[in-house]
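**Q** Mind looking over this structure? Questions follow.
Quick note: the coordinates plus some simple rules give every number you see, no bench work behind them. Note that the structure is a prediction, hence the values are computed from the model and not measured. Here the Cβ positions follow ideal geometry from the backbone for every residue, glycine too, while neighbour counts run over all protein chains shown.
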Amino acid sequence: MAFRAAEYERFSGTRSNAPPWWPLWHATFQRGWASRWIRMITFGGIAIAAIISLILYFVQKVVPEWRAMLEEMGQRVGGEGPSLRFDAEIYLILLHWFVYPVLVPMAMLLGYDLMAGDLRGNALESYFSRPITPLGYLAGRSLAFVSFLLLPTLAPMLWIWCMDVFTAPAGHFAAVRMVPLGLSAALLLISLSLALFIQALTTITRSGLWTALVFVILFILSGGIGPALADLTDQRAFMALAFWDNIFSVANGFLGYPEPARQHAPFALSVSILGGITLLCFLYLLAKVKHRALVG
Amino acid sequence: MSAPVIRCVGLARWYGEVQGLSGLTVDVSPGVVGLLGPNGSGKTTLMRLLTGLARPTRGHAELFGTRVSPDQWAVFRRVGYAPGDDVHFESERGSDFLALMARVAGDGPMAARARARAALEKVGMEELATKKLSTMSKGMRQRIKVAQALLLEPELLLLDEPLNGMDPVSRRKTINLVRAHGAAGGTVLFSSHILHEVESVTDRMLLLHHGRLLAEGRLSEIVGLLERKPRRVQISSGSRREIAAALLQEDYVSGVSFGDDSQLLLETRDLNRLLDRLQAYGGAGQIESMEIADENLESVFDTLVGSAV
Amino acid sequence: MSFSPQVLAVQAYSFRRRMLSWKALPALMVALVPTFMALVFRFFAPHEQGGTPTPYRMYGEILAPMCLYFVLPFLSMLVMLPILGELYEKGAIAYLLTRPAPRWVPLLGLYSGGLLALLPLAVLCATLPALILSPISGGVELRFWLQRVVFLSLVLWIGAAPYGALCLFLGVWSRKAVLWALALLIGWGSIAGSITGPLRALSPHRYLFGLLRNWLDLSNTLGQFSVPDPDPPGTLLSLLVLAGYVLAFLVLAYQAIRTRDVL
Amino acid sequence: MSDPVLALEALTVRYGRFTALDGVGATFHGGALGLLGPNGAGKSSMLRAILGLVHPAGGRIRVLGQDTATAGPRLRRRLGYMPERDSYIVGISGVSALAHLAEICGLRRGDAMVRAHDVLHFVGLGEERYREVATYSVGMRQRYKLAAALVHDPDVLILDEPTNGLDPQGRVRMLELIAKVVREHGIHLILASHLLPDVERLCNDVWVLDRGELKKADTVANLTAAARGAKRVRLPDGARAAFTAAAQAAGLHVLGDGHDNEVLVSLPDGVVEPRQVFQLGAQAGVPVLGVKAAARSLEDAFLEALEGQP
């Protein structure tokens, strides 16, 4: 029987040439996936998609008359809001189903301890004494964050789109052919800005609880001020003050409805707001991470 | 006889299931006492119980005969405490922090400034104290902590790991402060991991292990109590074979072993007789160096902690 | 023996800490939200066509209640929660608790310092919107504006006292103080205090709104931010109830600071 | 001959207006180097500069023959750094955190996991490897940090205060681990420490820094060379006065040193023979409990180096 004490050994294997942010992306993803809540939300997104595609199948394939009936009903009830028509606009309604119960809680959960945890545990010192640069670090962490946000939103919605195209009557494809592109663009911008914004917030407050508090304050105050001012002034540009309205405005635009129903902010404004948030937060985070790494 | 400076009566504290201190009964009289023990042995818990920052699960502690409790605040005029954690009022300058502490203790603004300056001089930080605490190095922060403990010129100093993170220069300064406080009749209870530094300040110690008192008293007394253990004397001699052969005849020598070069290790059950015998060899120039092994804090610590597992 | 110099020393520290650090920035931004709304209202609302409230009513019936609902709880939390929270989090409170002074001395000092820091915020929050709105208010006399500004500042600051004391207590009592504060200040305060029901009588928000109504001459009718109170409390009763709450929360905080271990 | 492990040429590091290192030039050929200096002497800045975490305001650093300014981040695969402060990744077990850090240094996933396990066993954290590092005790965190510095098998180990906060047994174990890696596996060591006995134990070279300047670069052996034939004498309690009187009568200098029952005897020029000590003891009627050559401790040498220059 061989006996081997716990000894130090030199490493004799070969090393890979993968960029160092790749393992960071992977580890972040794994760590997120280990959380039961995050898995539940992901499955929640998939479940919503499953139900919707079932309904679509039923309405478009099994009892096709219902489709026309529903559209007619939607026209009568809908009034000013997005009407229920079986074209690209239906994805705007669907998006609501994914943003509030899936995207927002997911962003909160993920942001809760990601970079705040790295700052608390002083992990940056461990990272930057290895062959990873601040930019690589930020890329690895943020891409994992964005992946998590897209997994339960974009993926199920694309699945719904596939189901829709397969079950719909002929000619429908032309109406919705740009939807995947629009959805991808919209959700990518939304996820990126949300990911960077929440990370910036956690690095400022350094605590998940305070991040949650500031986030809730922003949510309540901006959500209240935006519509109130838009109402008082009768100018819908002020809707852009409500952080969440920008999400829908951007989605509207990318899906081909740049000037939809009047309750949303203008598309161009919302895109520049989200883009600005993304850029500012990115620059802030890069400076912060560099500062911690180089001067700390 | 007056009350001891520190008295613990069955003092115990658990954190949920985690043991902090279990049933410590000990009296400490004036002088410098090193508080020793491995990590997690209850040193910091003892400090917090003595300062009333944590409440005992059982038993109680007394300082100067006053039972420690959040309502017995007056006794803290006679006690200076430096916590072990690296915490501060980060946003304050060193001198402002000290002045604030003096003011909460009841000083007027001018008196508080003077007091802060005096304490800073003692730790040798009078020039650097205008820096913000958050920008100070660990060693400077430690010295500010010690200055804070000295602020009210207390009789009793409770210093939790005061040397941790200090550089050799400030360490020497702090050790001198502790020594001087003891020499002036004050009491210092200070914990440290660096045994040779504890040894250079005091030979009185209080050794905790697994939340219990393992040993208390002077080092030499404690060594004397460890009778089970044979004592060892290490000599180096050019004629070590002759000495070994001669000493093996004696019934009090239980073993000899040869080390590197000219080393000879003698094991005995009667140290005094062996030493007496060795004087003759020494006088005859046959011994180049001689040392009683195990009589330093490090080996006593190892023996006590090792045997108590 | 009087402890007031000691309390004042801690108060000065606490005030400085709240006012002169970047941590004051979020609170300042929350306090400026009504100002921002007033600015937008002044420069973008179509005043000529009617349909929008007059500036005077905008201030009294929309901005003032909104301050009470959202700005005040958030301000109290942002200023008061960290006071003891940050000291306990890492254990720096140990220095204060080992002073030869009873533990209510630092407690009172920290509390009053925080409350003092809230005063300029409350005044700012009430004054700036009035400065923006009064020039376009046409016929309304200056003394009415003055009255509203002074009283709104006062109500906000009075409201900060019980909310702040509650936050102080939560900061010692719980490690998840933020969540508790959110639930209690918004849930028990703003929401329960404006919904008719048995809880309403217990909510400090009801008495604060009572003060606001009496001092700003607001009608007890249904509005954007007001739910009529079938039995509106009088000024004296409101003040008494609020003072009672302050006292109760401070006593709770004192008990907590006496019994919580510093770890 | 191979490249020196570390070569500094007029290295200057500034943070804003503060100069942390001012024109330091020195070469470390290999083995174990101890960095000594009071707080703020520039030790940490030097380590950070070596790691490329701070860009020098002037001068050059060559690590293992490569210039840090041009070598790029991949050079850091060959360095293993153990920071002074705790540094861990929240939310994952010790072993996955280590595997993750090894992957960043280019190890493949399978290799990384195997090495993470092995290294944790080596530092004695085998039992705790599935726990989160945040739940470790002080001693375990120190050992975890050492494991993190070793997990990617560096060629140079850079340790900043590795025994800080450890209890005596933990300290001994930590020193043994470091010594093993350095002596048996040919990994070079750069050690910054306040604890001079640690440096004495592990290092062969020493650089003494003070306020950003290099005060001394020498070998440990040279620095601690025995001092002028003096002897340290151990006496029984209360016997000091008698022995001192006898020794002074014989023309020796007697100095007290810390302990009440230990004295330092020396001759103005010449060597105090052990025999003489025993004879003095016999004269004074006190047994001599111990006698040894009074080696200059590294601490004395260090303090002298600091005070030697204005």
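**Q** To the nearest 20 Debye, how big is the dipole of region B:129-202 about its Cα centre, given +1 on the beta carbon of each Lys and Arg and -1 on that of each Asp and Glu?
**A** Dipole magnitude for region B:129-202 comes out near 460 debye.
**Q** Hey, with R₀ at 51 Å, roughly what FRET efficiency would B:H210 and B:Q249 work out to, going by the Cβ-Cβ distance, to 0.05?
**A** It comes to 0.70.
**Q** Given the -39500 (n - 2.57) contribution per DSSP H run of 4+ residues, what per-residue ellipticity at 222 nm results for chain B, rounded to the nearest 500 deg cm²/dmol? Kindly include the intermediate steps, with their values, before the conclusion.
**A** Details: 10 runs with 109 residues, N = 309.
Mean residue ellipticity at 222 nm (helix-derived): -10500 deg cm²/dmol.
**Q** Round to the nearest 0.05 the FRET efficiency obtained for A:Q235 and A:A287 when R0 = 35 Å and r is the Cβ-Cβ distance.
**A** Details: r = 35 Å, r/R0 = 1.00.
FRET efficiency, A:Q235 to A:A287: 0.50.
**Q** Ok, one more. Calculate the dipole size of chain D relative to its Cα centre from +1 charges on Lys and Arg beta carbons and -1 charges on Asp and Glu beta carbons; express the result in debye to the nearest 20.
**A** About 540 debye.
**Q** At 0.36 nm per residue, and after removing the present C-alpha to C-alpha distance, how many nm does the segment from D:E307 to D:A249 gain when stretched out fully? Numbers along the way, then the final one.
**A** Values: separation 58, 0.36 × 58 = 20.88 nm, distance 3.37 nm.
Contour length minus Cα-Cα distance gives 17.5 nm.
**Q** Can you tell me the orientation of helix B:297-307 relative to chain B, as the angle in degrees between its alpha-carbon axis and the longest Cα principal axis, to the nearest 10?
**A** Roughly 90 degrees between the two axes.
**Q** Counting only other chains, what is the mean number of Cβ atoms within 10 angstrom of the Cβ of each residue in peptide A:21-31?
**A** Partner-chain Cβ atoms within 10 Å, mean over residues of A:21-31: 4.
**Q** In cubic angstrom, how much convex hull volume per residue do the alpha carbon atoms of region A:180-280 span?
**A** Expressed per residue, the convex hull around the Cα atoms of region A:180-280 is 86 Å³.
**Q** Still on this structure, please answer the following. Write out the GluC sites (Glu not before Pro) in region A:1-71 meeting two conditions: DSSP loop, and at most 15 other Cβ atoms within 10 Å of their Cβ.
**A** A:E7, A:E9
**Q** Which ³J(HN,Hα) values in Hz, rounded to whole numbers, follow from the phi angles of region A:179-185 under the Karplus curve 6.51 cos²θ - 1.76 cosθ + 1.60, where θ = phi - 60° and Gly and Pro get x?
**A** In residue order, the calculated couplings are 4, x, 4, x, 4, 4, 4 Hz.
**Q** Calculate the dipole size of chain A relative to its Cα centre from +1 charges on Lys and Arg beta carbons and -1 charges on Asp and Glu beta carbons; express the result in debye to the nearest 20.
**A** I would put it at about 1120 debye.
**Q** How many nm is it between the label spots at B:S239 and B:T130, if each spot is 7 Å from the Cα in line with the beta carbon?
**A** Here the modelled spin labels are 7.0 nm apart.
**Q** Let me ask you something else. Round to the nearest 10 and give me the degree value, 0 to 90, for the angle of helix D:109-122's Cα axis relative to the longest principal axis of chain D.
**A** It is inclined by approximately 20 degrees.
**Q** At 222 nm, what helix-only mean residue ellipticity would chain A give, in deg cm²/dmol to the nearest 500, using -39500 (n - 2.57) for each DSSP H run of four or more?
**A** After summing the helix terms and dividing by residue count, I get -23000 deg cm²/dmol.
**Q** Does region B:230-293 classify as rounded, prolate or oblate by the C-alpha gyration tensor (a ≥ b ≥ c root eigenvalues; a/c under 1.5 gives rounded; else a/b over b/c gives prolate, otherwise oblate)?
**A** Rounded is the answer for region B:230-293, as its axis ratio a/c remains below 1.5.
**Q** Among the trypsin sites (Lys or Arg not before Pro) within region A:216-289, which fall in a DSSP loop and have no more than 11 other Cβ atoms within 10 Å of their own Cβ?
**A** When the trypsin sites (Lys or Arg not before Pro) of region A:216-289 are filtered for loop state and at most 11 Cβ neighbours within 10 Å, A:R262 remain.
**Q** Of all chymotrypsin sites (Phe, Trp or Tyr not before Pro) in region D:107-157, which ones are in loop regions per DSSP and have a Cβ with at most 16 other Cβ atoms within 10 Å?
**A** Within region D:107-157, the qualifying chymotrypsin sites (Phe, Trp or Tyr not before Pro) (loop, at most 16 other Cβ atoms within 10 Å) are D:Y130.
**Q** Between B:R218 and B:D71, with labels modelled 7 Å along Cα→Cβ, what's the label distance in nm to one decimal, could you check?
**A** Spacing of the two 7 Å Cα→Cβ label points: 4.3 nm.
**Q** Let me ask something additional. If you count, for every residue in D:48-57, the Cβ atoms of partner chains within 10 Å of its Cβ, what is the mean?
**A** Taking the mean over all residues of the peptide, I get 3.
**Q** What does the helix-only formula give at 222 nm for chain D: each DSSP H stretch with n ≥ 4 adding -39500 (n - 2.57), the total divided by the residues, and the result rounded to the nearest 500 deg cm²/dmol?
**A** Details: 11 runs with 111 residues, N = 310.
Per the formula, -10500 deg cm²/dmol.
**Q** Still on this structure, I have one more. Over the C-alpha atoms of chain A, what are the Rg and the largest Cα-to-Cα span, Dmax, in Å?
**A** Taking only Cα atoms of chain A, I get Rg and Dmax of 22.7, 86 Å.
**Q** In degrees between 0 and 90, to the nearest 10, how far off the longest principal axis of chain A does helix A:208-233 point, with axes built from Cα atoms?
**A** 30 degrees
**Q** Among C:241-254, B:180-193, C:58-71, what's the highest-first ranking by average C-beta atoms within 10 angstrom per residue?
**A** In descending order of packing, they fall as C:58-71, B:180-193, C:241-254.
**Q** Which is the longest part of chain D that has none of the trypsin sites (Lys or Arg not before Pro) sitting in a DSSP loop with at most 16 other Cβ atoms within 10 Å?
**A** Working: sites that count: D:R17, D:R85, D:R108, D:R131, D:R211, D:R228, D:R296.
Looking at chain D, D:132-210 is the longest stretch - no exposed trypsin sites (Lys or Arg not before Pro) with at most 16 other Cβ atoms within 10 Å.
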